[in-house]
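None of the figures in this text is laboratory data; all of them are computed from the coordinates on show. These figures come from a predicted structure and were not determined experimentally. Reconstructed Cβ throughout: ideal geometry from the backbone, glycine too, with neighbour counts over all protein chains shown.
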Amino acid sequence: MTGTYALRHVEQRLCDDDSTSELNVHLEEHGGRIFVRGQASSDDRRERILGIVREMCPDREVIDELTATDATLSTGPDHAEEIR
């Protein structure tokens, strides 16, 4: 499965699938590779997203460029802000 229309179909499945339900995931194809970009709500969902993309695009290399937001939300700020 390749082409812009096919990739939008995969993105739609990621939105509709109860195990992922992710709206902030976008796919792009460059040089025969599928780049998966955006944010997943957890590492578990990230793995499910990548699994669905690999399942639906078995003839393409899948490049993971996702960020898991639960990992970034659990860390504190890197510095204090001064309010004047």
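For beta carbons closer than 6 Å, sequence separation of 6+ or different chains, a first residue in the range 1-27 that is within 19 Å of ASP64 (Cβ to Cβ) and a second that is loosely packed, with under 12 Cβ neighbours inside 10 Å, the qualifying pairs are CYS15/LEU23. Taken over the range 30-55, the criterion of being under 14 Å from the mean Cα position of the chain (by Cα) and under 20 Å from TYR5 (Cα atoms) is satisfied by ILE34, PHE35, VAL36, ARG37, GLY38, ILE49, LEU50, GLY51, ILE52, VAL53, ARG54.
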